[in-house]
Amino acid sequence: MKKIHLIAPSGASLDTRSPLAGIEWLKQRGLEVLNTDCVRRVEQRFAGTDIERLAEINQLANLPPEIAVVAMRGGYGLHRLLPGIEWDAIAKAIKNGLQICGHSDFTVFQLGLLAKTGAITLAGPMLNFDFACQGEQGEDIAPNAFMWDHFQTAVNERKVDYGVKTPQSYLRKPATGQASGMLWGGNLTVLAGLVGTSYLPNNQQTQGGILFLEDVNEHPYRIERMLMQLLDAGILNNQSAIVLGGFSAYRLYDNDRGYTLENAIEAISKRLPDNIPVLTGLPFGHQAEKLTLPVGAKAHIQYDEAGFTINSQW
């Protein structure tokens, strides 16, 4: 990886400092950063007009294969672009070697592309938060070393190989096992919003898959409600494993009366067949320490009560 091409397909940057700091950090690593003007675009809450952002997405089809594409940030905005995206052309560029990375709102592009073409993208870091970290007082913080190492491994070697050492509380029968299937998923809110549309991979595509999920700023009852929607839509019980990443930045209230995220997960787990494990502790989501995961690639998981491993080569 020698070049990173930036795109800003969703929300405008919340400040002017973050994208510029992220660009500078990447340049200090010896990378050439392209299309940097996109970080300055603003149209209402979006990073440019719909026409500008759609053209930028479709231009990916013309990029050379040695480039890694990284989204600036999430927020919201990609959903309104979906009907105009040239899915087949972008998938052809990916087949030729192009790699495209993002998470959060970018999930809608990744799942749409997977549903329409089967092309693999990377769920991983974005410019503003991951490469331009700031402390509570606004001071610069070096990007997370774990994130950077695994991002480079994913882009340069096209593999993920990691072991999670977190006790697993939602295993039943068997409490030890393994699962292989297509790795797919992303942000839970975005994914749930695609149910019933042509932009979500169908049950035939995801049968026996490994579904990974994360979210931010969502109370556990909302997480439970969205997971129930996926359950009742036949999506969760179609998987060989469900892997949960970070669910962060929410607050509990007095009227929860002891109801927690763990209770929400338990309620879902009890309604699943015993042979579908719900695994927790995946380092992925709206957090500094995150893996880079191949959306649409075949993966393998081995698990027991002490943790699990996840492996994929694509």
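The values are calculated or read from the model by the stated rules, or taken from the named source; none is laboratory data. Given the structure is predicted, the values throughout are model-derived calculations rather than measurements. Counting neighbours? That spans all protein chains shown, and the Cβs are built from the backbone with ideal geometry, glycine included. Areas reflect the complete protein model, heavy atoms only, side chains present, ligands, DNA and RNA absent. Shrake-Rupley method; radii C 1.70, N 1.55, O 1.52, S 1.80 Å.
Some notes on this structure:
- When the stretch 1-41 is limited to residues that are modelled with pLDDT of 95 or more and β-branched (Val, Ile, Thr), the one that is nearest to the chain's Cα centre (by Cα) turns out to be Ile7.
- The combined condition, being open to solvent by 10 Å² or more (accessible area, probe 1.4 Å) and either modelled with pLDDT under 95 or farther than 21 Å from Pro167 by Cα (or both), is fulfilled by Gln313.
- Cross-chain or 6+ apart pairs with Cβ under 7 Å, the stretch 78-95 first and aromatic (Phe, Trp, Tyr), then open to solvent by 20 Å² or more (accessible area, probe 1.4 Å): Trp87/Lys116; Trp87/Thr117
- Of the residues making up the stretch 93-136, those that are outside any helix (DSSP H, G or I) and among the β-branched types (Val, Ile, Thr) are Ile100, Ile120, Thr121.
- Test: residue in the stretch 209-225 that is small (Gly, Ala, Ser) and surrounded by fewer than 22 Cβ atoms within 10 Å (Cβ to Cβ): no
- Of the residues making up the stretch 257-286, those that are touching a Phe, Trp or Tyr at 6+ places or on another chain (Cβ under 8 Å) and over 25 Å from Ser180 (Cα atoms) number 4.
- Close pairs from the stretch 106-133: first without any contact (Cβ under 8 Å) to a residue 24 or more places away in the chain, partner surrounded by 24 or more Cβ atoms within 10 Å (Cβ to Cβ), Cβ under 6 Å, at least 6 apart: none
- Failed condition for Arg257, given (1) open to solvent by 50 Å² or more (accessible area, probe 1.4 Å); (2) at negative phi: (2)
- In this structure, Gly112 does satisfy being at pLDDT 95 or above and open to solvent by less than 30 Å² (accessible area, probe 1.4 Å).
- Looking only at the stretch 271-288, residues that are more than 30 Å from Arg73 (Cβ to Cβ) and surrounded by 15 or more Cβ atoms within 10 Å (Cβ to Cβ) come to 3 in all.
- Filtered residues of the stretch 34-87 (kept if among the aliphatic types (A, V, I, L, M), part of a strand (DSSP E or B) and open to solvent by 10 Å² or more (accessible area, probe 1.4 Å)): Leu34
- First in the stretch 1-13 and surrounded by fewer than 24 Cβ atoms within 10 Å (Cβ to Cβ), second anywhere and aromatic (Phe, Trp, Tyr), Cβ under 7 Å, 6 or more apart: Gly11/Phe46; Gly11/Tyr76; Ala12/Phe46
- Scope the stretch 289-307; condition touching a Pro at 6+ places or on another chain (Cβ under 8 Å), closer than 28 Å to Cys133 by Cβ and either open to solvent by less than 50 Å² (accessible area, probe 1.4 Å) or of a type in the set (Val, Ile, Thr) (or both); matching residues: Lys290, Leu291, Thr292, Gly307
- Those residues of the stretch 38-69 which are under 20 Å from Arg17 (Cβ atoms), in contact with a strand residue (DSSP E or B) (Cβ under 9 Å, 6 or more places away or on another chain) and of a type in the set (D, E, K, R), in sequence order: Arg45
- Checked against (1) assigned to a loop (DSSP other than H, G, I, E, B); (2) crowded, with 21+ Cβ neighbours inside 10 Å, Gly245 passes all but condition (1).
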